[in-house]
Amino acid sequence: MKKILILGGTTEARQLAGKLVEDFLVTLSLAGRTESPVAQG
């Protein structure tokens, strides 16, 4: 399975990760300055 790293922190990044997760091993990375990250899953 191919791996994809998404530099997240936006709604669009989270939506993209959700669409790719069935076909790829997705890692969604948030910047250390993200104040209130939304739970993934």
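The values are calculated or read from the model by the stated rules, or taken from the named source; none is laboratory data. Only a predicted model underlies this, so the values are computations on that prediction, with no experimental measurement involved. All Cβ positions, glycine included, derive from the backbone under ideal geometry; neighbour counts span all protein chains shown.
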Q. Give me the pairs: first residue in segment 21-35 and farther than 10 Å from residue 4 by Cα, second residue assigned to a strand (DSSP E or B) and at pLDDT 80 or above, beta-carbon distance under 9 Å, and six or more apart or on different chains, which are they?
A. 29/5; 29/6; 29/7; 30/7; 31/7
**Q.** Hits in segment 11-34 (condition: hydroxyl-bearing (Ser, Thr, Tyr) and either touching a helix residue (DSSP H, G or I) at 6+ places or on another chain (Cβ under 9 Å) or assigned to a helix (DSSP H, G or I) (or both))
**A.** 11, 27
